[in-house]
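Heads up, the thing below is written out as structure tokens.
Only the coordinates and a few stated rules stand behind these numbers; no lab work does. Predicted model only: the values in this text are computed from it and were never measured. Cβ sites come from the backbone with ideal geometry, for glycine too, and all protein chains shown count toward neighbours.
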Amino acid sequence: MHSRLALKSTKFNLSNLIFQTTLCRYGARHETAKAARRHRGAPSRTVVFSSSKFSWDKKEVIVKYKAVVFDMDGTLLDTLADLADAMNRVLAEHGFATHPVDAYRHFVGSGANRLVARALPADRQDEDLRALCLQSFLREYEAGWRNKTCLYEGVPELLDALAARKIPMAVLTNKPQAFAELCMREFLSRWDFTLTLGQMPGVAVKPDPAGPRQVIRHLGVQPEKILYLGDTDVDMFTAVNAGMHPVGVLWGFRPERELLDAGAAVILRHPMELVSLLD
């Protein structure tokens, strides 16, 4: 089993359980970029790694980091095509226009409920239709969640390096918990993760700090000594809200400017650049 403390459900119908998890209210307000930059754990200026060499000033790193928490979609796994295919099938089923795969870079990141709302036409946002399309999306995604999904280049090497250094790792994602666990078993079972926490009833989605605080408690590490890696503004706000060190990654779904504006203290262009923060 990939995780010693993985959150599991007892016997369940996968689609129904996931549907319940996605109805959790997305009520957390995003921190402003200004507030993010004032966060006491962030350095005075952003460290940006070069893709060809690790050119950075170690004086920027004030603390020795003890643990790493990862976002999943767009950070560990490239899931975009499978998410887009599932939602496009739902749109076509209801007679709506579909979207290019790249458009989903801005639809994902805040949970399945928000993905559905963003993909539907602006004039078709009634609650009943959204709930119906959400159920359909979860059904379609269940049928094809691993068709095209894969680990990003460099991620296996990074996880190997962290494991060799005995750095505790965890996953914090807005992906429904059941799907998060499926992805962990399929793609990440080689590595030992302390906890996998996805979207589930009773836990607010990112950037609300409730979920991150649960992960922090399981890790047993002070939040300012935890690196949180993610590819969206939601991830950067999440790290700031929970007192973790926000690290933006550029191999995922969103651009560098979004990550910086949301408070990223470090920008990585390749997964292995993270190792320099730990050595």
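Tabulated results
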item: Karplus-derived HN-Hα couplings along segment 159-174 (A = 6.51, B = -1.76, C = 1.60, θ = phi - 60°), whole Hz, x at Gly and Pro; result: 5, 4, 5, 5, 4, 5, 8, 6, 8, x, 10, 8, 10, 10, 9, 8
item: Cβ-based net charge around Ala86, under 9 Å, with every Lys or Arg adding one and every Asp or Glu removing one; result: -2
item: Taking His245, His94 and counting other C-beta atoms within 10 Å, the order from fewest to most; result: His94, His245
item: Proximal charge balance of Thr173 [Cβ under 13 Å; K/R count +1, D/E count -1]; result: -3
item: For segment 255-270, 3J(HN,Hα) per residue [Karplus equation, 6.51 cos²θ - 1.76 cosθ + 1.60, θ = phi - 60°, Hz, x = Gly/Pro]; result: x, 4, 4, 4, 5, 5, 5, 8, x, 4, 8, 9, 10, 10, 9, 8
item: Under Karplus coefficients 6.51, -1.76 and 1.60, residue-wise ³J(HN,Hα) of segment 218-228 in Hz, glycine/proline x; result: 5, 6, x, 10, 4, x, 5, 9, 10, 8, 10
item: Over segment 80-144: Kirkwood hydrodynamic radius from C-alpha pairwise inverse distances, Å; result: 11.4 Å
item: Using a Förster distance of 30 Å, the FRET efficiency for Arg146-Leu250 (Cβ separation, nearest 0.05); result: 0.75
item: Residue-count net charge about Leu278 - beta-carbon cut-off 10 Å; Lys, Arg +1, Asp, Glu -1; result: +2
item: Approximate spin-label separation Ala103-Ala164, in nm, with each point projected 7 Å along Cα-to-Cβ; result: 4.4 nm
item: Value of Rg to Rh for segment 160-253 (Rh from inverse mean 1/r over Cα pairs, i.e. Kirkwood); result: 0.93
